[in-house]
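The values are calculated or read from the model by the stated rules, or taken from the named source; none is laboratory data. Computed from a predicted model, the values in this text were never measured in an experiment. Here the Cβ is made from the backbone with ideal geometry for all residues, glycine too, and neighbour counts use every protein chain on show. For accessibility, only protein heavy atoms count, side chains too; no ligands or nucleic acids. Shrake-Rupley method; radii C 1.70, N 1.55, O 1.52, S 1.80 Å.
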Amino acid sequence: MGKLSKIGVLTSGGDAPGMNPCIRAVVRTAIYHKLGVVGVKQGYQGLIDNDMYEMTTRSVSNILDFGGTILKTARCADFRTDEGMEIAYRNLKAKGIDALVVIGGDGTFTGALRFSKKYPDIAVIGVPGTIDNDLGGTDYTLGFDTATNTVVEALDKIRDTADAHDRLFFIEVMGRDSGCIALRAGISAGAEAIMLPEKETAITELVESLKAGEHNKKSSSIVIVAEGDKHGGAYDVAQIVKEQIKIYDVKVTILGHLQRGGSPSAFDRILGSRLGFAAVNALIAGETQKMVGLRGNSVALTSLEEALKVHEFKLEDDLMQMMEILSI
Ligand code: ATP
């Protein structure tokens, strides 16, 4: 690959708070190093539709506190095809772009890796941006902290009303394959139980522990159900439990897409800034097909292959045990 001259930046897949601080860092770091920087709209769709624009330091003014992504995001079926990739490549070449920073989740990285293997003269660095925290090579993904805080705020409010009425609430949170939000929010808000995709919960045990809570004079109980739980969604679980337990009035709340929105937390603003800064520095150092992540509070590079393969189990056993003991 020749000398780096122009970087394209895009956000793809599900949006996550912290993407904007990351875009800002990519743009300003690139400009600091006298590189051109082009914003690609709607993820990979913008590469195919040629929907891109030159960015300046002012293009990213006052966006640190915005949720969502100023570049927009999309799921793009055409980029999965060889024809789509070729159009994207030609559009990049025509604009003189020789590197990409892609901010997204595992699908985004899978596409980036395929593209970069096909067209190795376009260097690619990935930034983990997904509220699910389900990528290897990084302790945290962008948006996970903000989403967890959003869930905790909602749980605190639900606790007030649950307590006032002696109710049992089943709260469904995001996480198709990952119980990270459920576990951390559960600890923070003192949930009585959590149900996760990674670990099957026996309904009989859940019922016993809820009964024990009532026996211990608990006036309310909250069970968090991650959407990927094997028993189905929160409504399904509530129905099963309702048939076996008569002590509480049972209610269900699905938190849904509000978990994706909102101003990024300070943690996600810092993480986005660090990873965007590191992504450009990695490209300048000649790296490609890597992800920048945070490991033990240091920025670390991992191959995209590893980041996709590892799919680390981030539900630390000690946290699981602690939650059970502290919620008695
Ligand atoms: P999230 O984890 O929040 O869902 P994600 O990045 O995993 O984010 P996806 O919709 O799975 O979101 O992927 C984003 C985009 O990446 C897809 O819409 C598609 O354009 C591209 N992509 C995914 N898989 C491939 C693939 N095998 N080949 C080429 N492109 C792909």
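Go through Ser303, Ser298 for me and flag whichever is closer than 15 Å to Val124 by Cβ and either at pLDDT 85 or above or surrounded by 14 or more Cβ atoms within 10 Å (Cβ to Cβ) (or both).
On the way: Ser298 fails: closer than 15 Å to Val124 by Cβ.
After ruling out the rest, the residue left standing is Ser303.
May I ask you to list the residues in the range 159-171 that are surrounded by fewer than 24 Cβ atoms within 10 Å (Cβ to Cβ) and outside any helix (DSSP H, G or I)? Write out each step before concluding.
Let us first name the residues in the range 159-171 that are surrounded by fewer than 24 Cβ atoms within 10 Å (Cβ to Cβ), namely 159-167.
Correct list: Asp166, Arg167.
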Could you count how many residues in the range 254-299 are out of contact with any Pro (no Cβ under 8 Å at 6 or more places or on another chain) and of a type in the set (Gly, Ala, Ser)? 9
Helices (runs of 4 or more DSSP H) contained entirely in the range 7-113, each with at least 1 residues that are within 13 Å of the ligand (Cβ to nearest atom) and surrounded by fewer than 22 Cβ atoms within 10 Å (Cβ to Cβ): 44-49, 82-94
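Would you be able to say whether some residue in the range 244-255 is in contact with a His (Cβ under 8 Å, 6 or more places away or on another chain) and open to solvent by 20 Å² or more (accessible area, probe 1.4 Å)? Spell out how you get there, then give the answer.
Taking the range 244-255 and keeping what is in contact with a His (Cβ under 8 Å, 6 or more places away or on another chain), we get 249.
Filter once more, so that each one left must be open to solvent by 20 Å² or more (accessible area, probe 1.4 Å): 249.
Yes - at least one qualifying residue is present in the range 244-255.
Identify, from the list Leu135, Leu155, the residue that is of a type in the set (A, V, I, L, M, F, W, C), in contact (Cβ under 8 Å) with a residue 40 or more places away in the chain and within 12 Å of the ligand (Cβ to nearest atom). Before you say what the answer is, go through the steps one by one.
Numbers: Leu155 fails: within 12 Å of the ligand (Cβ to nearest atom).
Leu135 is the lone residue from the list that is of a type in the set (A, V, I, L, M, F, W, C), in contact (Cβ under 8 Å) with a residue 40 or more places away in the chain and within 12 Å of the ligand (Cβ to nearest atom).
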Go over the candidates Asp177, Asp134, Asp156 one by one and state the one that is open to solvent by 20 Å² or more (accessible area, probe 1.4 Å) and under 13 Å from the mean Cα position of the chain (by Cα). Asp177
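Quick check on this structure: which one of Ala185, Ala147 is within 13 Å of the chain's Cα centre (by Cα) and either among the small types (Gly, Ala, Ser) or in a loop (DSSP other than H, G, I, E, B) (or both)?
Values: Ala185 fails: within 13 Å of the chain's Cα centre (by Cα).
The match here is Ala147.
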Does the range 123-131 include one or more residues that are touching a residue at least 12 places away in the same chain (Cβ under 8 Å), among the β-branched types (Val, Ile, Thr), more than 14 Å from the ligand (Cβ to nearest atom) and over 25 Å from Arg269 (Cα atoms)? no
Listed residues Gly213, Gly228, Gly233, Gly186; which is surrounded by fewer than 18 Cβ atoms within 10 Å (Cβ to Cβ) and touching a strand residue (DSSP E or B) at 6+ places or on another chain (Cβ under 9 Å)? Gly233
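Each row is one residue, and each column tells you yes or no for (1) aliphatic (A, V, I, L, M); (2) outside the structural domain of Lys199 (by TED's automatic domain parsing).
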{"residue": "Thr73", "(1), (2)": "no, yes"}
{"residue": "Met85", "(1), (2)": "yes, yes"}
{"residue": "Ile103", "(1), (2)": "yes, yes"}
{"residue": "Asp106", "(1), (2)": "no, yes"}
{"residue": "Thr130", "(1), (2)": "no, yes"}
{"residue": "Thr150", "(1), (2)": "no, no"}
{"residue": "Asp156", "(1), (2)": "no, no"}
{"residue": "Ala164", "(1), (2)": "yes, no"}
{"residue": "Cys180", "(1), (2)": "no, no"}
